[in-house]
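Enquirer: If you scroll down you'll find the structure; I have some questions about it.
Every read-out reported here was derived from the displayed coordinates using simple, explicitly stated rules and does not represent laboratory data. Here the structure is a predicted model, which means the values were calculated and not measured. Neighbour counts run over all protein chains shown; Cβ positions are idealised from the backbone, glycine included.
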Ligand SMILES: [Fe+2]
Ligand SMILES: [Fe+2]
């Protein structure tokens with residue numbers, strides 16, 4: 001299997017894990033604005049999954065049943081844990097994860113370009129940009145929190161560290177219709 005197919009399959013399944021996780025995250029916060037923003041992020045993850053599914057089938061490939069199962073379990077477990085671990089931890093680790101997701105799409109764009117998938121490059125670039133807005137959203141949430149300096153040291157993500165080199169943009173993802181499960 002090529003690195004491109006592996007990454008498409010991984011990202012396809014991981015997007016559903018993220019969407020499941022944000023369902024629990026949105027349900028666990030009290031603030032109405034935060035709930036709304038987390039739902040918006042969830043819808044954007046569903047939209048990403050749809051794009052990745054399209055790319056996979058255009059290449060004559062299918063999602064991996066193993067990854068689908070594994071990431072569904074991970075997503076549901078995170079979703080549940082959001083109700084148990086307070087406000088800071090889900091916000092921090094969501095931001096850390098999104099930081100890596102943005103980089104994953106930067107890599108995907110390069111692999112897709114090498115395969116001559118020129119018609120999908122703009123879509124992949126846009127997904128990277130949206131993941132960056134997610135990272136920024138969570139970074140703004142935890143900025144100034146007393147625990148952030150410690151977590152930044154321990155887990156290598158925060159105000160001074162990111163897993164990608166992308167420019168920061170304000171969070172303004174449009175609300176999209178929920179698709180798929
Ligand atoms: Fe995503
Ligand atoms: Fe995201």
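Enquirer: Any idea which of (1) under 30 Å from residue 34 (Cβ atoms); (2) away from ligand 2 (no atom under 14 Å from the Cβ); (3) surrounded by fewer than 16 Cβ atoms within 10 Å (Cβ to Cβ) is the one residue 79 doesn't satisfy?
Expert: Checking residue 79 against (1) under 30 Å from residue 34 (Cβ atoms); (2) away from ligand 2 (no atom under 14 Å from the Cβ); (3) surrounded by fewer than 16 Cβ atoms within 10 Å (Cβ to Cβ), the one that fails is (3).
Enquirer: If we scan segment 12-28, do we find a residue that is surrounded by fewer than 16 Cβ atoms within 10 Å (Cβ to Cβ) and more than 21 Å from residue 113 (Cβ to Cβ)?
Expert: Filtering segment 12-28 down to residues surrounded by fewer than 16 Cβ atoms within 10 Å (Cβ to Cβ) leaves 27.
Of the ones still in play, those that are also more than 21 Å from residue 113 (Cβ to Cβ) are 27.
Checked segment 12-28: at least one residue is surrounded by fewer than 16 Cβ atoms within 10 Å (Cβ to Cβ) and more than 21 Å from residue 113 (Cβ to Cβ).
Enquirer: Might you check whether a residue that is within 16 Å of ligand 1 (Cβ to nearest atom), under 20 Å from residue 113 (Cβ atoms) and over 16 Å from the mean Cα position of the chain (by Cα) occurs anywhere in segment 45-54?
Expert: yes
Enquirer: Also: Can you go through 47, 26, 19, 113 and tell me which one is out of contact with any strand residue (DSSP E or B) (no Cβ under 6 Å at 6 or more places or on another chain), within 14 Å of ligand 2 (Cβ to nearest atom), free of Cβ contacts under 8 Å to residues at least 40 places away in the same chain and in a helix (DSSP H, G or I)?
Expert: Details: 47 fails: free of Cβ contacts under 8 Å to residues at least 40 places away in the same chain; 19 fails: free of Cβ contacts under 8 Å to residues at least 40 places away in the same chain; 113 fails: within 14 Å of ligand 2 (Cβ to nearest atom).
26 is the lone residue from the list that is out of contact with any strand residue (DSSP E or B) (no Cβ under 6 Å at 6 or more places or on another chain), within 14 Å of ligand 2 (Cβ to nearest atom), free of Cβ contacts under 8 Å to residues at least 40 places away in the same chain and in a helix (DSSP H, G or I).
Enquirer: Return the pair list, or none, for Cβ contacts closer than 7 Å from residues in segment 78-102 that are without any contact (Cβ under 8 Å) to a residue 60 or more places away in the chain to residues that are within 16 Å of ligand 1 (Cβ to nearest atom), at least 6 apart or on different chains.
Expert: 79/20; 79/21; 79/23; 91/138; 98/131; 98/134; 98/135; 98/138
Enquirer: Can you find a residue in segment 63-72 that is within 16 Å of ligand 1 (Cβ to nearest atom), within 14 Å of the chain's Cα centre (by Cα) and surrounded by 19 or more Cβ atoms within 10 Å (Cβ to Cβ)?
Expert: Looking through segment 63-72, at least one residue is within 16 Å of ligand 1 (Cβ to nearest atom), within 14 Å of the chain's Cα centre (by Cα) and surrounded by 19 or more Cβ atoms within 10 Å (Cβ to Cβ).
Enquirer: Working only within segment 132-144, note down all residues that are free of Cβ contacts under 8 Å to residues at least 40 places away in the same chain and within 16 Å of ligand 2 (Cβ to nearest atom). Give the derivation first.
Expert: Filtering segment 132-144 for residues free of Cβ contacts under 8 Å to residues at least 40 places away in the same chain gives 132, 136, 140, 143-144.
Hits for segment 132-144 are 132, 136, 140.
Each row is one residue, and each column tells you yes or no for (1) buried (at least 21 other Cβ atoms within 10 Å of the Cβ); (2) away from ligand 1 (no atom under 16 Å from the Cβ).
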{"site": "96", "(1), (2)": "yes, no"}
{"site": "100", "(1), (2)": "no, no"}
{"site": "105", "(1), (2)": "yes, no"}
{"site": "111", "(1), (2)": "no, yes"}
{"site": "134", "(1), (2)": "yes, no"}
{"site": "138", "(1), (2)": "yes, no"}
{"site": "142", "(1), (2)": "yes, yes"}
{"site": "159", "(1), (2)": "no, yes"}
